[in-house]
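The values are calculated or read from the model by the stated rules, or taken from the named source; none is laboratory data. Since we're looking at a predicted model, the values are computed, not measured. Cβ placement follows ideal geometry from the backbone for every residue including glycine, while neighbour counts extend to all protein chains displayed. Just so you know, the surface numbers come from the protein's heavy atoms only, side chains and all, with ligands and any DNA or RNA stripped out. Shrake-Rupley method; radii C 1.70, N 1.55, O 1.52, S 1.80 Å.
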Amino acid sequence: MSDFQLSLSEYLNTVQEVIRVAFDEPVWVKAEIRNLSIKGGHYYLELAEKEEDTDKVIASCKATIWKFSAAKMVLKFERESGIELSRDLNVLIKVKARFDPQYGFSVNIEDIDSSYTLGDIARRYQQLLERLSTEGLVNKNKSLPTPFDIQNVLVIAPENAAGLGDFKKDADALSKAGVCHFVYQTATFQGNTAAVSIIDALGNGLRQWAKDFKAPPDLIVIIRGGGAVNDLAYLNDYNLAALLCKRSVPIWVGIGHEKDRTILDEVAHRSFDTPSKVIGGIRNLIVERTQEVLESLQTIKLLSQHQITAYQSQNDQYIRVIKTLAHGQINEANKSLDMMKGTLQYLAQQQIKFASNQVESLMRETLLQNPRNVMAKGYGIVRSNGKAIRSVKQISGDSIQVELQDGTIKANVTQVSSND
């Protein structure tokens, strides 16, 4: 046997025959599409199998979907799954082994089970959602209060995306009116680097924001325009979702698909179908808040008017009470004055009467004390040097005059005797 030799072509032709006989019937195989390219209508794929825990590739091979069956097969898969056939998808494919001595081993794909891919995406999505729920993160951003007034917004979006253009039409109008200010940060939203790109864009945007503004943004908006449905799978990343959950600023997302949801829709404060609806939500909230303020202002005016009217009515009532009380007090005072006046008149009359009696009494006494009347009773007035005297000590000289009722007597003083 050591002398038995084959040429390489003979050996590979033998291998080709063995594979053709042994794997004549197609079989269903689970694999991940690591790469995919289309040339001349033919689909050229690189398939792989990875260890579940380490993502280490443990098997790989080339695969082909030939042009004559590609259009029908791929269209059927995409129509049933709603997902574009592309790299990074886990697929269940019916393959037939093929070995060519010149081009090596590969498999021809004869069918693709769309339900398997959908189930795998749903399974991984559910696992991610359960992990976030277990860690208490899934509702953390949702529970933040809606901003009362949206003035400053940080926007994360793909550069030059159609959805961004739709968003900016209304955003620019709000900005021009001075109602709201928008700061834009670009990121990649498809491919294996999508999650990392959004994380980096958010980090860079917030760091720059801290330098330019004193307060954090009122809102963080993450939007993506139209695109392949399976691009959404790149956004179902734990690190990205956990980062958004932990933000203290409400996050609104508009990924661009009405039917399909991503993990960002699950954890965001609010989720919209399209970028246009996100800016519509911002505009509507500003309008609602403005309307609430106007209604509150109108309510304040009405309440103020009611209060003023009530106070005026109360004041009028108080004035009427004061007037009534004042009139009562005045009437009482007038009555008191009348009583006092009557009393004073009575007392004055009594005083006048008493005084009149006294005057009459004094007049009578005065009349009684008239020197002529007194002298008529036998009394006289003694004068010394022409002056009336009451005491012997007032006598000056040797003579006095004694005036009687009917005449005057001049007498010489010979002797003065005191009663002491």
Requested in this report: Let me know the shape class of segment 154-230, please: from the alpha-carbon gyration tensor, a ≥ b ≥ c as square roots of the eigenvalues, rounded when a/c is under 1.5, otherwise prolate if a/b is greater than b/c, or oblate.
Outcome: oblate
Query raised in the report: For Cα extents along the principal axes in Å, which listed value, (1) 70, 49, 44; (2) 217, 44, 40; (3) 59, 55, 46, comes from the coordinates shown?
Result: (2)
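Between Gln291 and Ile381, what length in nm is gained on full extension when 0.36 nm per residue of separation is reduced by their alpha carbon distance? It would help to have the intermediate numbers written out before the result.
Details: separation 90, 0.36 × 90 = 32.40 nm, distance 11.90 nm.
So the chain would gain 20.5 nm between Gln291 and Ile381.
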Report summary line: Per the rule of 0.36 nm per residue minus the C-alpha distance, extending Glu52 to Gln314 adds in nm 86.1 nm
Report summary line: In order over segment 296-308: 3J(HN,Hα) from phi, Karplus 6.51/-1.76/1.60, θ = phi - 60°, whole Hz, x for each Gly or Pro, gives 5, 4, 5, 4, 4, 4, 5, 5, 5, 4, 4, 5, 4
Query raised in the report: Which lysines does Lys62 reach when only Cα atoms under 30 Å apart count, and residues fewer than 8 places away in its own chain are ignored?
Result: Lys30, Lys39, Lys50, Lys72, Lys76, Lys94, Lys96
Query raised in the report: Normalised by the number of residues in the chain, what is the relative contact order in percent for Cα pairs under 8 Å and 6+ residues apart?
Result: 10
Report summary line: Here FRET efficiency (C-beta to C-beta, Thr299 to Glu135, R₀ 51 Å, nearest 0.05) is 0.70
Report task. Under a cut-off of 28 Å between alpha-carbon atoms, report the lysines in cross-link reach of Lys140, not counting same-chain residues fewer than 8 places apart. Result -> Lys211, Lys214, Lys246, Lys259, Lys277
Report summary line: With R₀ set to 51 angstrom, the calculated FRET efficiency between the beta-carbons of Ala388 and Phe354, to the nearest 0.05, is 0.90
Query raised in the report: At what distance in nm do the modelled label points of Leu325 and Asp88 sit from each other, each positioned 7 Å from its Cα along Cα→Cβ?
Result: 8.4
Query raised in the report: For segment 281-420, what relative contact order do you get, as a whole percent, if you take Cα pairs closer than 8 Å and at least 6 residues apart?
Result: 11
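Treating the beta-carbon of each Lys and Arg as +1 and of each Asp and Glu as -1, no other charges, what is the dipole magnitude of the chain about its Cα centre, to the nearest 20 debye?
It comes to approximately 3540 debye.
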Query raised in the report: From the backbone phi of segment 310-316, what are the Karplus-calculated ³J(HN,Hα) couplings (6.51 cos²θ - 1.76 cosθ + 1.60, θ = phi - 60°) in whole Hz, Gly and Pro given as x?
Result: 4, 5, 5, 4, 5, 5, 4
Query raised in the report: Relative contact order of segment 126-289: what whole-number percent is it, with Cα pairs under 8 angstrom and at least 6 residues apart?
Result: 31
Report summary line: Taking a straight Cα-to-Cα line shorter than 28 Å from Lys387, and setting aside same-chain lysines fewer than 8 residues away, one finds Lys377, Lys410
Query raised in the report: Based on the Cβ-Cβ distance of Arg207 and Phe105, what FRET efficiency does E = 1/(1 + (r/R0)^6) give at R0 = 35 Å, to the nearest 0.05?
Result: 0.10
Query raised in the report: How much solvent-accessible surface does Glu84 expose, in Å² to the nearest 10, with a 1.4 Å probe and all protein chains in place?
Result: 90
Report task. Compute the long axis of helix 114-134 from its Cα atoms, compare it with the longest principal axis of the Cα atoms of the chain, and write down the angle in degrees, 0 to 90, nearest 10. Result -> 40
Query raised in the report: Roughly how many nanometres apart are two label points built 7 Å out from the Cα toward the Cβ at Ser336 and His181?
Result: 7.2
Report summary line: Carbon/sulfur accessible area of the chain, % of total, 1.4 Å probe, equals 52
Query - Area accessible to solvent at Arg98, 1.4 Å probe radius, in Å² - result: 80
